[in-house]
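The values are calculated or read from the model by the stated rules, or taken from the named source; none is laboratory data. These figures come from a predicted structure and were not determined experimentally. All Cβ positions, glycine included, derive from the backbone under ideal geometry; neighbour counts span all protein chains shown.
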């Protein structure tokens, strides 16, 4: 299951429609990144539940941190725990 715009807005506690297009872009980007990282299609009917949480976390991270650099804060590449959610499902290829 791919998370919906309403689901992400609830996760972020957003009640307005001002950023709907931007939020949908973040969902799409997060879903595509996760599919590439794991090798598993995110929109498959039997997608594991941790994929939904990972999509919410990554989309929220992309929305709240819109630039690749930040000044005066400690930056993280990805939200804490994101890879922990995905690694058990990753299809490794060498």
**Prompt:** Do we have any residue at all in region 12-26 that's over 14 Å from the mean Cα position of the chain (by Cα), surrounded by 13 or more Cβ atoms within 10 Å (Cβ to Cβ) and free of Cβ contacts under 8 Å to residues at least 24 places away in the same chain?
**Reply:** yes
**Asked** Are any of the residues in region 32-45 touching a residue at least 24 places away in the same chain (Cβ under 8 Å) and more than 19 Å from residue 83 (Cα to Cα)?
**Response** yes
**Asked** Could you say whether any residue in region 71-88 is at pLDDT 90 or above, in contact with a helix residue (DSSP H, G or I) (Cβ under 7 Å, 6 or more places away or on another chain) and closer than 20 Å to residue 12 by Cβ?
**Response** yes
**Request:** Would you check which residues across region 5-42 are part of a loop (DSSP other than H, G, I, E, B) and modelled with pLDDT of 95 or more and list them?
**Result:** 13, 14, 15, 16, 17, 18, 19
